Amino acid sequence: LRYYISRRLVTDRSRKHPDAWRLPAEQVEGLIADLIRAHLKQEEIAIRLIRDLNASQVEAASAKLHAIQQTKDCLTLIERADLSLGMLTIHLHRGELAELAECDPEKINPEELILKSPFQMRRRGVELKLHLGDAPAEIDRTLVQ
C-alpha cells in the first residue's frame, strides 16, 4: 500500500503530529485524475489552453484533450500537486500538455496550467477520505441502524 504523508512526518519523526496527514495514494491520485479530466473536458478548453490555433487545430487538440481517460495518463501531466488545508492545487506540466495536444509548448497559456479545487477531509474511525468541493454528507448506515 502506498501513502502520501505530510512533510512534518518525514522530517521530524521524534515528535507526534496529530494534525499531519497520511493519505492512501490510490485515493489521492484518483481525485487528482478526476479533477484533471474534468478540466480537460470543458468546452473550449483547447481555445483557452493553446493560443493561436486555427479551426482545424482547435478540433484536433480538443479531441486529444477530451480523449484522456486513464488515471496514469492524467498523472503524467502533473508537474506538482499541493495539498493544503481545504485546498488542492495542481500545476500541470507545460511540455507534457504540449506533447499531448501536439503543439509548441510556448503556445500553452500558463494560466490554464494551474487547477485549484476545495476539498474536505472526513475521518471515519482510522480511515481518512477526501472529497472534492462541497461533497454531500454520506449517510452512515451503521449509525442510522
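The values are calculated or read from the model by the stated rules, or taken from the named source; none is laboratory data. Predicted, not measured: the structure shown is a model, and the values here were computed from it. Please note: Cβ atoms are built from the backbone with ideal geometry, for glycine as well, and neighbour counts cover all protein chains shown. Ligands, DNA and RNA are stripped out before the accessible areas are found, and what is left, the full protein with its side chains, is counted by its heavy atoms. Shrake-Rupley method; radii C 1.70, N 1.55, O 1.52, S 1.80 Å.
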Within region 51-107, residues touching an Asp or Glu at 6+ places or on another chain (Cβ under 7 Å) and either under 30 Å from residue 5 (Cα atoms) or of a type in the set (Val, Ile, Thr) (or both) come out as 71, 75, 76, 77, 89, 91, 92, 93
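When residues of region 113-125 are filtered for being within 14 Å of residue 93 (Cβ to Cβ) and open to solvent by less than 30 Å² (accessible area, probe 1.4 Å), how many remain? Show your work before the answer.
The first filter runs over region 113-125 and keeps only residues within 14 Å of residue 93 (Cβ to Cβ), leaving 113-115.
Next, from what is left, pick out any that are open to solvent by less than 30 Å² (accessible area, probe 1.4 Å): 113, 115.
So the answer is 2.
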Restricting attention to region 59-71, which residues are free of Cβ contacts under 8 Å to residues at least 40 places away in the same chain and farther than 15 Å from residue 109 by Cβ? 59, 63, 64, 66, 67, 68, 69, 70
The listed residue being modelled with pLDDT under 85 and closer than 20 Å to residue 90 by Cα, out of 1, 35, 23: 23
Go through region 34-58 and give me each residue that's charged (D, E, K, R) and either touching a residue at least 60 places away in the same chain (Cβ under 8 Å) or closer than 21 Å to residue 106 by Cβ (or both). 34, 44, 48, 51, 52
Residues of region 72-97 being in contact (Cβ under 8 Å) with a residue 24 or more places away in the chain and buried (at least 17 other Cβ atoms within 10 Å of the Cβ), in sequence order, are 74, 77, 78, 81, 83, 88, 90, 92, 97
Quick count over region 12-21, residues being out of contact with any helix residue (DSSP H, G or I) (no Cβ under 7 Å at 6 or more places or on another chain) and within 19 Å of residue 81 (Cα to Cα), is 1
Where residues in region 100-111 are farther than 13 Å from residue 79 by Cβ and either touching a residue at least 40 places away in the same chain (Cβ under 8 Å) or in a helix (DSSP H, G or I) (or both), which of them is least open to solvent (accessible area, probe 1.4 Å)? 101
What tally of residues in region 92-102 results from selecting those that are farther than 17 Å from residue 42 by Cα and out of contact with any helix residue (DSSP H, G or I) (no Cβ under 6 Å at 6 or more places or on another chain)? 4
Between a first residue in region 1-30 that is aliphatic (A, V, I, L, M) and a second residue that is exposed (fewer than 10 other Cβ atoms within 10 Å of the Cβ) and assigned to a loop (DSSP other than H, G, I, E, B), which pairs have beta carbons less than 6 Å apart while being 6 or more apart in sequence or on different chains? 25/2
